[in-house]
Amino acid sequence: MTKSQTEYAAFIDRLGLKHFRGEELARYADRTRGKVKNSIPPVGLWTNMIPTLIVADAIREEYNAPLTITSAYRSPAYNRAVGGEAASFHMRNQALDIIGNNIPRLFQIARSLRGKRFRLPGNGGAFVWKGGIGRYPGFVHIDTRGYNADW
């Protein structure tokens, strides 16, 4: 991993998540589509991922089976290369695509947790999850956009 990937991974690991590690997100920066390489999110966007990861960790706990993050931060160029939405929350470092062995159940769990209160690490307070949940044939998208949306 590069120095910036290692620093980003360490930032994520300091959250103390039960089921996800920083390296999972940091390695996503190595992805390429054609000649376009993704990148680590700019440092100013790092904290945007905290609520999304806390929600993903809670989904994984309820799901009680392994989950894999298949998409996290996308640079604008990489987002275009993969055909992402022009205003994708992946570019804001607020979205994850996750897969498991039962997509309908994964989607159902995500929906059941929306509107619930989650604690931020340390003395960071709490938040109520308001965000997007998308069900696709092979994965579920979650984000913390601040308002509810389903697709």
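In table form, for the structure just shown:
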item	result
The chain - mean residue ellipticity at 222 nm from DSSP helices (-39,500 (n - 2.57) per run, n ≥ 4, rounded to 500)	-9000 deg cm²/dmol
Contact order normalised by residue count of the chain, Cα under 8 Å, 6+ apart, percent	19
Net dipole in debye of the chain [+1 Lys, Arg Cβ; -1 Asp, Glu Cβ; about Cα centre; nearest 20]	200
Relative contact order (%) - the range 1-87, alpha-carbon pairs under 8 angstrom, separation at least six	31
Positive-end residue, the range 74-151 charge dipole about Cα centroid, Cβ charges, pick of Asn93, Tyr78, Gly124	Gly124
Highest to lowest packing among 115-123, 18-26, scored as the average C-beta count within 10 Å	18-26, 115-123
Subset of Lys3/Lys130; Lys3/Lys35; Lys3/Lys116 violating a 28 Å alpha-carbon distance limit	Lys3/Lys130; Lys3/Lys116
The range 77-151 and the range 1-68: distance between their alpha carbon centers, rounded to Å	13
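FYI, it's all coordinate maths here, none of it is from the lab. Owing to the predicted nature of the structure, the values given are computational and were not obtained by experimental measurement. All Cβ positions, even for glycine, are placed from backbone atoms using ideal geometry, and neighbour counts span all protein chains on display.
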